[in-house]
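Derivation of every value follows stated rules applied to the coordinates shown; laboratory data play no part. This one's a predicted model, so the numbers in the text were calculated from it and none came from an experiment. With ideal geometry, Cβ positions are generated from the backbone for all residues, glycine too; neighbour counts draw on all protein chains shown.
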Amino acid sequence: MDVSQSLKEACARPDSLFARSEEDLINLVYNEFPQDIDRLKRAYSIRDGPWTPPSTPSPSYILYKENYDEVNRTLVGFLALRWIHTDQYETFIGTQSPAPQLTRESFDWIRQFYAQVITDANTLYTLIYSIIINDLGKDPQLAIDYHTHTGEDISALNHDAILLQACKHGLIHSLDTLPAQDREDIFKAIQLGATFNFGQLAQAENAPACLTALLEMKGSKRSFQIRFMEQILDIAGAAGHMDWTCAKKLIQPIFEGYRHVYEVYEGVTTGTLTLRSGYDWILIRRAAVLCLEEGVREFDFEGDPRDRALMRLFCLGNVTTRDKALLYEAAWDALDEGTRGRLERALNVDGVKGEPAVQPTYMPALLGRVYGKDALVCAFRFLCRVMSATDIGDPEVVVIERSVYKVLKEVVESEAFQNDPTILEGVDVPEGVVAL
């Protein structure tokens, strides 16, 4: 490796850049963004349970001789960019399970999108920079630094909003090194991320009102496309703290969800989709897959709010098979009438002043840890309480965010919950913050 060459210089010749060894690539990126990557050592993460790590050294071990989850996740996202550029499909899918494995056709779609968007050295460098800083808001020290700088406590905000506030106040110093146009595109992408999360729409976790952020991206297509590509790579690296040899989490159903989000962006910004119909596009596409490929019954989104609410639950729970769909519907039917009615109403709220919607952040991760009908019924009851808590005393609020991350870590992942899922019914509703 030419140790004197910077990452920015190397981006002028991407074929040569991505032909380097993994260790050289990781060191080249670290040398460009040492302070930012160091921040990720303190960031929080979620693991999927027991796991066996690969025998090869992780990206963070290459840098620090220790494992740091978010460093690994971020740098595997960067390595996934290399696998896309060099057409390494087999490496990309690696240890993915065969059934939901990303198809070659979908991998080619990603490669074509990458080739259309990343056409010059500046754009490639901007994309890599976006990958590196995406999760800096997960570093608790960043909120502390912000409080020291401004006197304002933003620690209760989601990590994307924390990053935005930090950038506004000049706390992410590497942002100042970018050319003006690239800096503007990154900042717009960060602004978008603070109120609109691709994964949250793909999982129907947010509310239709959140799609207003897409309207603000009219005329900023380059910024949105860089953000979209970065989000694809973020998912590709999402299991990088457990398996750094491949893009383990970017399986076919998840990719399809993200591709549908891009379709929603195009529809909303061109005016062919409203906020509500754009949101329902996600539900309709999920239903189509379930009906056509899994033989699940037809769903009526326009005439039956129950069906629409149930499909939102299917998206929140990443329901992709007939058996899981039947389990979710059985748990729904097992709810008492009052709870089912309140949950149905909450899941159908778009989010307007006077009738805010609730965004249950980390609910997909929580549902992913719940097994069996009885436990699922308890999770639905808890979700009902979370999404029905809409009064935070501000008539201007459109969307309230309530993070269930702490409940996931302290309750649902506990042995006590596995033995008695009804303990979830005694858990307080998480504090709400204004999301929109």
Apply 1/(1 + (r/R0)^6) to the Cβ-Cβ distance of D420 and R297, taking R0 = 30 Å, and write down the FRET efficiency to the nearest 0.05. 0.35
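About the Cα centre of region 7-256, what is the dipole size in debye to 20, counting +1 per Lys and Arg Cβ and -1 per Asp and Glu Cβ, all else neutral?
I would put it at about 220 debye.
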Kirkwood Rh, Cα atoms: Rg over Rh of the chain: 0.95
Toward the positive end of the charge dipole of region 304-434, about the Cα centre and with charges on Cβ (Lys, Arg +1; Asp, Glu -1), which of G368, P421, L347 goes farthest? G368
Can you find, among A239, V412, L142, the residue farthest towards the positive end of the dipole of the chain? Put +1 on the C-beta of Lys and Arg, -1 on that of Asp and Glu. A239
Please name which of H173, Y61, N318 has its Cα lying farthest along the dipole of the chain towards the positive end, using unit charges on Cβ (Lys, Arg +1; Asp, Glu -1) and the Cα centre as origin. N318
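Can you list, largest first and rounded to whole Å, the semi-axes you get for region 1-79 by taking the square root of 5 times each eigenvalue of its Cα gyration tensor? Working shown, then result.
Details: eigenvalues 122, 39, 22 Å².
Calculated on Cα positions only, the semi-axes equal 25, 14, 11 Å.
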Consider just the alpha-carbon atoms of region 304-434 and return their Rg together with their Dmax, both in angstrom. 14.2, 42
Based on the mean of other Cβ atoms within 10 Å per residue, sort peptides 257-270, 295-308 so the most packed one is first. 257-270, 295-308
Prolate/oblate/rounded label for region 7-256 (Cα gyration tensor, a/c 1.5): rounded
Placing +1 at every Lys and Arg Cβ and -1 at every Asp and Glu Cβ, with all other atoms neutral, what dipole size does region 134-207 have around its Cα centre, in debye to the nearest 20? 80 debye
With each label point set 7 Å from Cα along the Cα-Cβ vector, what nm distance links T95 and D394? 4.3 nm
Please compute the modelled spin-label separation between D428 and D304, points set 7 Å along Cα→Cβ, answer in nm with one decimal. 4.0 nm
Once amide H atoms are built 1.01 Å from N in the peptide plane, which residues 5 or more positions from T361, or in another chain, come under 5 Å H to H? R402, S403, V404
Treat each spin label as a single point 7 Å out from the Cα along the C-beta direction, and report the R322 to K65 distance in nm. 5.6 nm
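Using +1 on the beta carbon of Lys and Arg, -1 on that of Asp and Glu, and nothing else charged, what's the dipole of the chain about the Cα centre, debye to 20? Display every interim value, and only then the final one.
On the way: 43 positive and 64 negative charges, 62 e Å.
My answer is approximately 300 debye.
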